[in-house]
Amino acid sequence: MTIPAPIARTVQQTQEWLKELRDNADLADEAEALSVLRSVLHQLRDRLTPEEAVELGAQLPLIVRGVYYEGWQPMRTPEKVRTKEKFLNEIAIKLMPRRVPPEAAVRDVFALIAHHCDPGEIADVIDQLPRDIKGFWPDSSRTFRQRS
């Protein structure tokens, strides 16, 4: 059976994202990277307006996009998570039983997203977040609007 080129490409992209996250976050394997990616993406997605969540989702590789939308209930968003502690606690719960530090997970996933997605879109996402949560993004993402 021949795999259509678009499917093969998205599998390759997803593998690249997971390997990059695994290496940069010093995770055990790609399965752990997927768990971390899913947990952080879901928490971020649920903190955005539905419109912004869809715009960010359009930036993701097809398979990662499927993970991102898994279980999404847009009518319940955005969640009013205003503190860094609440944001991190929700991620820690989603990561169980894995013992990945949630703050590191957020920084590593945000860096991965910032590396692969349009800087203007990332700036739009950052604009919707409370100051404490904005601080998890790489400096270059937080200052994009000032530089453009």
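The values are calculated or read from the model by the stated rules, or taken from the named source; none is laboratory data. Computed from a prediction, not measured in an experiment: that's the story for all the values here. Backbone-built Cβ (ideal geometry, glycine too); neighbour counts: all protein chains shown.
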Worksheet item: over 27 Å from ALA28 (Cα atoms), hydrophobic (A, V, I, L, M, F, W, C), outside any loop (DSSP other than H, G, I, E, B) and modelled with pLDDT of 95 or more - does that describe any residue in the range 98-115?
Response: no
Worksheet item: So which residues in the range 21-48 are under 19 Å from GLU121 (Cβ atoms) and either among the charged types (D, E, K, R) or without any contact (Cβ under 8 Å) to a residue 12 or more places away in the chain (or both), if there are any at all?
Response: ARG45, ASP46, ARG47
Practice prompt. Test each condition in (1) out of contact with any Leu (no Cβ under 7 Å at 6 or more places or on another chain); (2) acidic (Asp, Glu); (3) modelled with pLDDT of 95 or more for GLU121 and report the one that comes out false.
Written response: (1)
Worksheet item: What is the number of the single condition among (1) within 25 Å of GLY120 (Cβ to Cβ); (2) surrounded by fewer than 16 Cβ atoms within 10 Å (Cβ to Cβ) that GLU52 does not meet?
Response: (2)
Practice prompt. Check the range 60-68 and report whether any residue there is outside any helix (DSSP H, G or I), surrounded by fewer than 16 Cβ atoms within 10 Å (Cβ to Cβ), touching a residue at least 40 places away in the same chain (Cβ under 8 Å) and not charged (D, E, K, R).
Written response: no
Item to complete: Identify the residue in the range 95-105 that is surrounded by fewer than 17 Cβ atoms within 10 Å (Cβ to Cβ) and in contact (Cβ under 8 Å) with a residue 40 or more places away in the chain and, among all such residues, is nearest to TRP137 (Cα to Cα).
Response: ALA104
Worksheet entry | The listed residue being acidic (Asp, Glu) and crowded, with 20+ Cβ neighbours inside 10 Å, out of ASP118, ASP124, ASP108, ASP139 | ASP108
Practice prompt. Scan the range 1-19 residue by residue and report those that are surrounded by 12 or more Cβ atoms within 10 Å (Cβ to Cβ), touching a residue at least 40 places away in the same chain (Cβ under 8 Å) and not β-branched (Val, Ile, Thr).
Written response: GLN13, TRP17
